[in-house]
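Undergrad: Before I ask anything, let me first share the structure, which is written out below as structure tokens.
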Amino acid sequence: MNTLRIGFLGLAAAVAGFALSGCFASQPAPECNITQTSGGGLGLGPYHVQLTKIDGTGTCSEMKYINVGMQRSRLPPAMGTTTPVTTEFTLNLKPSPAVDMYNGLRFFADYDSANDCTKYTTDDCSECFNEGDALPDGGVAGARDNLCVLNPDPVYRVDPNDMSGTGQLGTAKLPQFPVDGVCTPTDFAGMEQNFQEEVVDLVDGGTEVFPALLVKTEWTNFEILSTAKAPGTVWRAKLKYTEGTCVANYDAFAFWPEIHCGGETQEIADDGCDPKENLNTQCFPETGGASTISADGGCDTGFILVPPRVLGSGINPEFKPKCDMDVGVCKPTVTWDELKN
Amino acid sequence: MRASAWLFRATLLCAALVSSLAFAQGNSVITGTVTDAATGKPVPDVVVTATSPALQGEEIVVTDSAGLYRLAQLPAGTFTLRLEKESYKPFSRADINVRVDRTVRVNIQLQPEAVTGDTIVVVGKPPTVDVGSTTTGINVGKEFMNNIAFIQPNGSGVRSFESLASVAPQVIGDTYGYGFSGAQSPENLYLVDGVSTSDPAFGTNGAQFPIEFVEEANVITGGYQAEYGRATGGVLNVVTKSGSNEFHGSVWGNWTPGILTGVSPTIKNDSSSFQVQSRLWNTVDFGAEVGGPILKDKLWFFVGFAPSFNRVQTTRSLRAFKLNADCAAGGDPNNCDFLYDEDGYVQSETIPDTERSRFTDTRAFSYIAKLTFLINADNNLSLSVVGSPTSSATPFSFTPRRSAGNWDGGTVDSNNTNTLSLRYQGGFLDKHLLVDASLGWFHIDNSSMPDDGSQIGAPADGSTAAGTPAVIFRRTRPWMVTDFETLPSNTVADTCEPAGFNASTRPIVDVRGTSRYVVACPATGAGQTYTIGGYGFMTQAALDRVQGRASVTYLMQALGHHIWKAGLDIEHLRYDVNKAYSGGFILRESPSGNTYSDYRQYGYLIGPDQAVRQENIRSTPTSWGIGAYLQDSWSIMDLVTLNAGLRYETQQLFAGDGTLGMSLNNMLSPRVGLIYDFTQQGRSKLYANYSRFYESVPINIADRALTGENQYQFIRARAPNHPATPGGGRGCNPQVDINQALDQCQDEGNYFILNDPTDPHSAYDPSVSAIPLGGGKTTVDPNLQPQSSDEIVVGGEYEVITDGRVGATYTKRYMNQVIEDMSVDEASTYFIGNPGSGLGSSFPKATRDYDAVTLYFNKAFSDGWMGQFSYTWSSLRGNYNGLFRPETGQLDPNINSDFDLVSLLPNRNGPLDADRTHFIKMYAAKEFQVTGSLGFILGLTYEGRSGAPLNYFGSHLIYGPDEVFVLPRGSGGRLPWRHAINAKAGVSYRITKDNVVQFTADIFNMFNFQAVTSVDETLTNGEVMPFVTTSSNPQEAACLSGNMLPHCQMVVDPSDPTSPAVLPLQTPDGANLTSADLNPNFKRPTGYQAPISVRFGIRFTF
């Protein structure tokens, strides 16, 4: 009988113990992760990094945003094995400024001063304008007859010591797990290019000189949210940006994905940021370069903003995105703390 | 993370030690009231003794002051009750049938001694209505198994116990077993001698053994009490045979000859030259089982062994499609077309001398061994092991697996299962306190490997099947059979490459105004693929389910009779899996044919473009689960029984690296039932029951999502120096030589450069060519709720004739929360949550609403006949089928693609796959005794059911084929009714009292009905957007009604693109879907019901 009593008590104690253990167990925190920027597969784009100037003068202090592509990689495995090391990760970063310069998207040779259409082939000269005609920049063609708008002549910047541009990339150490919902990468390296001077021959026979240029991004106070609401899709940091002699410091707030909205007519406004709305039926501007809204953002009902997305803006509804008409991007309206908790 | 895991395990260990001091319970119950025949008053202190061949020894109880007695913890079987008390005449009542888990009431009147006469023997049958519970379902005993032809061998040739579930109302066969009450087979609890045999990783039933080892099966479709948990479906509770004091056994053999097996109609396919047909060649099983005493009245044994062999012949022939004269030299290429028959199929002819046949052989060796030890009159111990090592071999592949050594595509699959059970049952306090405790271990070893002996880890050098990559070709412009296989030279010119055929360009000709490819012998195109090379995906897995269960049953008297039961069970699941792709990867051709990418390849990046390939990945996720319950069955005034219980469960899943992956807590399942016996004689019941069921999550999710699989890929050009590559590579053309897959396909100069400076989505990609896939561990919603469903059952049952009951039930089930993985950003980041709440609040709630009414009549075997008839009307609606996706067969419990993307969700509501409005099941058997020793049996079975709903599937831009519901679920109409009539005829001859020999013949589908059981529901293999109604469309009604083309014109006819008489479907980029995108086989049959087959059996019983 005593044995039986002990049995009942044991059962009751066990049940109570398990009940309590259940109450206290919670879901594990997500691993430190980021959204992999990839040109293939699903074609996931870079982060949109919103910049708020702290200090600095010059053109490099006027940036509203840049893009940063990211990938998470692992440490090399032990010799002779392929078993992944899981104690920490490597964060790979690729900020847009130096990439755009390298790819010829930032600097262009100037117009021909003569503006004589007859001198050029149609390859060079896209359109000719007579006095009084509307110009693409919104102005009106002036007294100079036969104004010729030359196609942009991109200038590809190269670091002579890094012809392949690997210095545009950076790395940092990324811990495996967050602390209080935040992952803090450390030991940033790279993201520096010493572009050489470029002398470009202009169409009319003149030249234009693009001086040597140091381009550098330096990150501090880097924090990546690692919560269920934002599993690596939001981060913030201090950015020190150097472009030649210009140095500027920014507060950076980054989010993924970058979905464009607004456009010339700005009629779609916030609706375009709806995570669930089918974009195919709406009018959206087609974006051109990486850091600007295309000037001729027309409506293309068949255009999908972020291939191969089928439906919606693809933005996490938790972001409560709204269109920022200034830069034409759907931005989160929630705060860092709201996404963290 | 690790700390919490250890804390949890430590808690478990402590609890296990403490709880090992407590035991509990029994299964079936005989209860009743003993009254004085003269006065009608209850008679206390009557000694009630139960005996049965199924019982080792006797069971004795004494009636209480109210004259009540209760014999609990009884095994299923036929019992005799003997009642004795001073001053009353002894009383005996035989033939009391007790099924597994059932309570039968036997009220008895004792005659006082004063009345003259001897022992009273009651000949009338006692009632069979289960007055103690609200469970719905059916018991399947030996008579049913012996007399009814209903179990066909499974793929291993084993007539396995799981098939016993099929006879219960509201049970329907699905892809992986039998679904109960609108749920799917992986949601059931499968118990063999109290041990759960559910596959730890996938939830399906993992065990198999022949029904000859089964004493009785209880198929519980709903209404069950708190003692059963970890199931949102039903319970299949199987009790195996045990030995008794007499030696009994049997030897048997069964043979299903292929020559007497019908052949189903050929399945035609207008997209492929390959025609494959399988037919049964032979199925043979035989075996022996015997049980008896080792020490009389003390120790008994039961052993059995049953090998089974199944051979299937598969024949592949090649056929050439017939082309019209315009396709030949001198014809008008613009009018080149296929020739069609009157049914609209493309005419074809078999290419001579291209037929190949092979046999697939499956062998299983089932066994059982059981010891039962009676410690004393009140305590017994049993130890059993049952298993079935199974292997299946296919000698070669029809497609040439070139350059893999001498390997010819042969495969070996093995699946070994073992169930070990140690069980103690005891009674204390005059059997008022019952203890049932068991330890169980269910183990599975399985593997899928090539037959050349090469293993996971073989060098990737192309010399073995495991060391050679597989390559999948899928070019839209069809590859021809002759591009891969050598055909007899004369047939090539005659059929595949007729005169006028331009071998360099292939005759790509406009047909019916669209650019359909007119090719006589296509191997690819229209969704068809062709695979060469090594084995492909290889797995080796060991799965364990270790269980401890204990329960205490206490019988007490307090305002009626109570059966209190408290129990505790602990389960540890382990899934040790080793996965690899032969040669390290699978290459797949792009539809254009210009590139090959790593379709599958385990590995990761250690920096941009720096890939580390893993030849295999091994992971061992685990899970701990704890359940505890308390329930009371309260018999009030012998009139009403109230069953009330509460079950608590928790489950913790750990990833392959040992860290906690997912925590499911505080699962509280109330179960309340009320039963009213208006006859008060155990001959009737009206009942109602409410239950909540929680899912036990199979741990495949802990491997695939919580551990995280990492893969990567490169895209490589077929031709050297493709403009999109850096150049310098030799090109990658495995169609010419499979060896290129491991050699020049790996030239980095072939890799596509994916950084497009003008594309904002790729310009900032840190990698130039590598594509990392898989984001590591999947995030779990911190507010995740466990998956559960609720059930309401009401019903009534009345015994209209001896052993015969009519009844009706109504069952309602619906889902509460469902666990699935979701992505709010269209496949970039995923999380595991509940659709419709928490992080998944932007997704629709997962719904599965089941309503069913069943009318039935059951007649237990007596007076030489038995019958079981049921009709079920049911409705199953919603957007969630369950733990697997019937549309694609995907079995990834809780991480299926159902809710993955918002863009997948339109049109998902409707009749679910298992929805069968009408289902009739009729089983009957009659025994004819010709002489004292010669008898005949005749059994008949009819199963008829209305057809499954059909859908319009399209290909999703990201997820691929059949993931888009083009029109609302179920719009495609329904399959036709399916009828099957089986018969069993047997003759038995009794040689001596205990020796009987029996010959039987089972005829399945004796009228060879050939109803279509599946059709091709793929409307298009092209990418398509779901059609969502925005305004009325004249074609929509036709399409939604399931009418086939041409009534339902869903695509734009290019010759009249503005026609309003079409339902415009669009591709994701906004273009119109055209008829060229349609699957020519849409709605054509892809399966027929199993043809007639005959099985001969012989059995000698001793």
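Each reported figure results from applying straightforward, stated rules to the coordinates on display, with no laboratory input. Small disclaimer: the values here were computed from a predicted structure and weren't measured. In this analysis, Cβ positions are derived from the backbone assuming ideal geometry, glycine residues included, and neighbour counts consider all displayed protein chains.
Undergrad: Any idea how far apart B:SER391 and B:LYS926 come out in nm if each label point goes 7 Å out from Cα toward Cβ?
TA: 4.9 nm
Undergrad: Next question, about the same structure. Evaluate the distance, in nm, between pseudo-label points positioned 7 Å from the Cα of B:GLN890 and of B:VAL62 along their respective Cα→Cβ axes.
TA: Roughly 6.5 nm, to one decimal.
Undergrad: Computed FRET efficiency, Cβ-Cβ of B:ASP759 and B:TYR345, R0 41 Å: what is it to the nearest 0.05?
TA: According to the calculation, E is roughly 0.35.
Undergrad: Defining a contact as two alpha carbons under 8 Å apart and six or more residues distant in sequence, what relative contact order in percent does chain B show?
TA: Computed value for chain B: 10 percent relative contact order.
Undergrad: Something else now. Restricting to Cα pairs below 8 Å that are 6+ residues apart, what does the relative contact order work out to for segment B:553-627? Please round to a whole percent.
TA: 35 percent
Undergrad: Non-local amide H neighbours of B:GLY661 (under 5 Å, H modeled in plane, Pro and chain starts lacking H): which ones?
TA: B:LEU653, B:PHE654, B:ALA655
Undergrad: Run the simple label-point estimate for A:THR86 and B:ASN335 please: 7 Å along Cα→C-beta, distance reported in nm.
TA: About 6.9 nm separates the two model spin labels.
Undergrad: Counting only other chains, what is the mean number of Cβ atoms within 10 angstrom of the Cβ of each residue in peptide B:700-710?
TA: 1
Undergrad: Just want the answer: with Cβ charges of +1 for Lys and Arg and -1 for Asp and Glu, which residue in B:PRO186, B:PHE209, B:THR134 is farthest toward the dipole's positive end in segment B:82-216?
TA: Farthest towards the positive end: B:THR134.
Undergrad: Which order do B:ARG99, B:ARG716 fall in if you start with the one that has the fewest other Cβ atoms within 10 Å?
TA: B:ARG99, B:ARG716
Undergrad: Which loop-located trypsin sites (Lys or Arg not before Pro) does segment B:599-635 contain, where loop means any DSSP state but H, G, I, E or B and the Cβ has at most 12 other Cβ atoms within 10 Å?
TA: For trypsin sites (Lys or Arg not before Pro) across segment B:599-635 that sit outside H, G, I, E and B with at most 12 neighbouring Cβ atoms in 10 Å, the list is empty.
Undergrad: Run down the aspartates and glutamates and flag those whose C-alpha is under 13 Å from the C-alpha of A:LYS331, throwing out any fewer than 8 positions away in its chain.
TA: Cross-link targets: A:GLU258, A:ASP270, A:ASP271, A:ASP274, A:GLU318.
Undergrad: Now, a different point. Counting partner chain Cβ atoms within 10 Å of every residue's Cβ in A:66-78, what's the average?
TA: Per-residue shielding by partner chains comes out at 5.
Undergrad: Residues with amide H under 5 Å of B:THR1013's amide H, sequence separation 5 or more or different chain, H placed in the peptide plane at 1.01 Å from N; which?
TA: B:GLY1087, B:TYR1088, B:GLN1089
Undergrad: Let me ask something additional. Assuming 0.36 nm per residue, please report the length gained on full extension of the stretch B:PHE1096 to B:LYS298 beyond their Cα-Cα distance.
TA: Fully extending the segment from B:PHE1096 to B:LYS298 adds 283.4 nm.
Undergrad: Using Cα centres only, tell me the gap between segment B:520-563 and segment B:371-389 in whole Å.
TA: 27 Å
Undergrad: List the pairs from B:LYS268/B:LYS322; A:LYS216/A:LYS340; B:LYS296/B:LYS370; A:LYS94/A:LYS322; B:LYS241/B:LYS926; A:LYS322/B:LYS845 whose alpha-carbon separation is above 22 Å, in the order I gave them.
TA: Violating the 22 Å Cα-Cα cut-off are A:LYS216/A:LYS340; A:LYS94/A:LYS322; B:LYS241/B:LYS926; A:LYS322/B:LYS845.
Undergrad: Quick check: from the Cα gyration tensor, does segment B:181-261 come out rounded (a/c under 1.5), prolate or oblate?
TA: It comes out oblate by the Cα gyration axes.
Undergrad: While we're looking at this one, here's another question. Helix-derived [θ] at 222 nm for chain B: sum -39500 (n - 2.57) over DSSP H runs of at least 4, divide by residue count, nearest 500?
TA: Estimated from H runs of four or more residues: -1000 deg cm²/dmol.
Undergrad: Ranked highest first by the average count of other Cβ atoms within 10 Å around their residues, in what order do B:28-35, B:935-942, B:393-400 fall?
TA: In descending order of packing, they fall as B:28-35, B:935-942, B:393-400.
Undergrad: Counting only C-alpha contacts under 8 Å and six or more residues apart, can you give the relative contact order of segment B:744-871 as a whole percent?
TA: 20 percent
Undergrad: If you don't mind, there's one more thing I want to ask. What is the average number of partner chain Cβ atoms found within 10 Å of a Cβ in B:626-634?
TA: 2
Undergrad: Can I ask one more? In vacuum, with every alpha carbon of segment B:945-986 counted as one equal point scatterer, what does the Debye formula give for log10 I(q)/I(0) at q = 0.18, 0.19, 0.32, 0.34 Å⁻¹? Two decimals, please.
TA: Log10 of I(q)/I(0), two decimals: -0.62, -0.65, -1.00, -1.04.
Undergrad: Now, a different point. So what is the diffusion coefficient of segment B:817-938 in µm² per second by Stokes-Einstein at 20 °C and 1.002 mPa s, using a Kirkwood Rh over Cα pairs?
TA: 120 µm²/s
Undergrad: Sticking with this one: Could you give the length gained on full extension between B:ASP353 and B:LEU381, defined as 0.36 nm per residue of separation minus the Cα-Cα distance, in nm?
TA: Separation in residues times 0.36 nm, less the Cα-Cα distance, equals 3.7 nm.
Undergrad: Just how far, in whole angstrom, is segment B:411-481 from segment B:31-100 if you go by their alpha carbon centroids?
TA: Between the Cα centre of segment B:31-100 and that of segment B:411-481, the gap is 48 Å.
Undergrad: In whole Hz, with x marking every Gly and Pro, tabulate ³J(HN,Hα) for segment B:468-476 from phi via Karplus 6.51 cos²θ - 1.76 cosθ + 1.60, θ = phi - 60°.
TA: Per residue, the Karplus-derived 3J(HN,Hα) values read 10, x, 8, 10, 9, 9, 8, 4, 5 Hz.
Undergrad: On to the next question. How many percent of Cα pairs in segment B:777-880 exceed 20 Å?
TA: Everything past 20 Å amounts to 57 percent.
Undergrad: On a full-extension model of 0.36 nm per residue, what is the gain between B:LEU668 and B:PHE857, subtracting their alpha-carbon distance, rounded to one decimal in nm?
TA: Gain on extension, B:LEU668 to B:PHE857, equals 64.5 nm.
Undergrad: Determine the distance separating the Cα centre of segment A:167-200 from the Cα centre of segment B:277-319; give it in Å without decimals.
TA: Segment A:167-200 and segment B:277-319 have Cα centres spaced 65 Å from each other.
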